[in-house]
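Worksheet: one structure, shown below.
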Amino acid sequence: YKRQYQKVPTNITEQYAKACLKLGLIYQDQEKLDKAANIFSKVPKHIPEHYALGQFSLGIVYDMQGNLAKAITAWQNVPESVTESYAWAQYHLGIALYETQGQLDKIIKAWKNVPESVTEPYGLAQFNLGAVYEEQGQINQAIEIFENIPKDSQEAYDLAQLNLQRIYQEQNEQILPS
């Protein structure tokens, strides 16, 4: 049935976009990453919802291949108007920038761009942002971010609570005489 997807005419754009996404996921699941990347890159740009998902998925495939430069480009192509795909793309973009470039201004911008309305990536991005601030010695900013991670983002919230407990304990140890 893969051949059927490949023969869908491009003038039937919505169906074509959906077929590209499905076929790309099939190839990705089969670890045929070059084929998956090729198909995801064919999702038409003029259908923002599908294009966003195609670019996000393309970034994931490039990341799986170890090509973070191309992954970063793909995630930067996800339109902000498609909130959920954009949120996850910004979250992954921050991680990729952190791993490759260490440019804190770009990393912080990516994680601050994750919309609060998409709870899971927002909470994870906020947690990572707090961790970056803590790593940089900006403890008060880290505390503020950790304290404001929504409970709806359970994993990030739990991790933030552990970090807060550790930070407060370290601060108390510094205040108390030996």
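Listed by chain and number, the lysines whose C-alpha is less than 18 Å from the C-alpha of residue 70, apart from same-chain residues fewer than 8 away, are 32, 35, 42, 45, 106. When the surface is traced with a 1.4 Å probe over the full set of protein chains, residue 34 keeps roughly 120 Å² accessible.
Solvent exposure of the range 1-131 amounts to 52 Å² per residue of accessible area, where only protein heavy atoms count and the probe is 1.4 Å. If I compute P(r) over Cα pairs in 5 Å bins from 0, in percent from the structure I just sent, which labelled value in (1) 1, 9, 15, 16, 15, 13, 10, 7, 5, 3, 2, 1, 1, 0, 0, 0; (2) 1, 7, 10, 13, 12, 10, 8, 6, 5, 4, 4, 3, 3, 3, 3, 2, 1, 1, 1, 0, 0, 0, 0, 0; (3) 1, 6, 8, 8, 7, 6, 5, 4, 4, 4, 5, 5, 5, 5, 5, 4, 3, 2, 2, 2, 2, 2, 2, 2, 1, 1, 0, 0 lines up? Read-out from the structure maps to (1). Spatially, the range 9-78 and the range 104-178 are offset by 32 Å when compared through their Cα centroids. Accessible area of the chain with a 1.4 Å probe: how many percent of it is carbon plus sulfur? The nonpolar share, carbon plus sulfur, comes to 47 percent.
The values are calculated or read from the model by the stated rules, or taken from the named source; none is laboratory data. Source: prediction; values computed, not measured. For accessibility, only protein heavy atoms count, side chains too; no ligands or nucleic acids. Shrake-Rupley method; radii C 1.70, N 1.55, O 1.52, S 1.80 Å.
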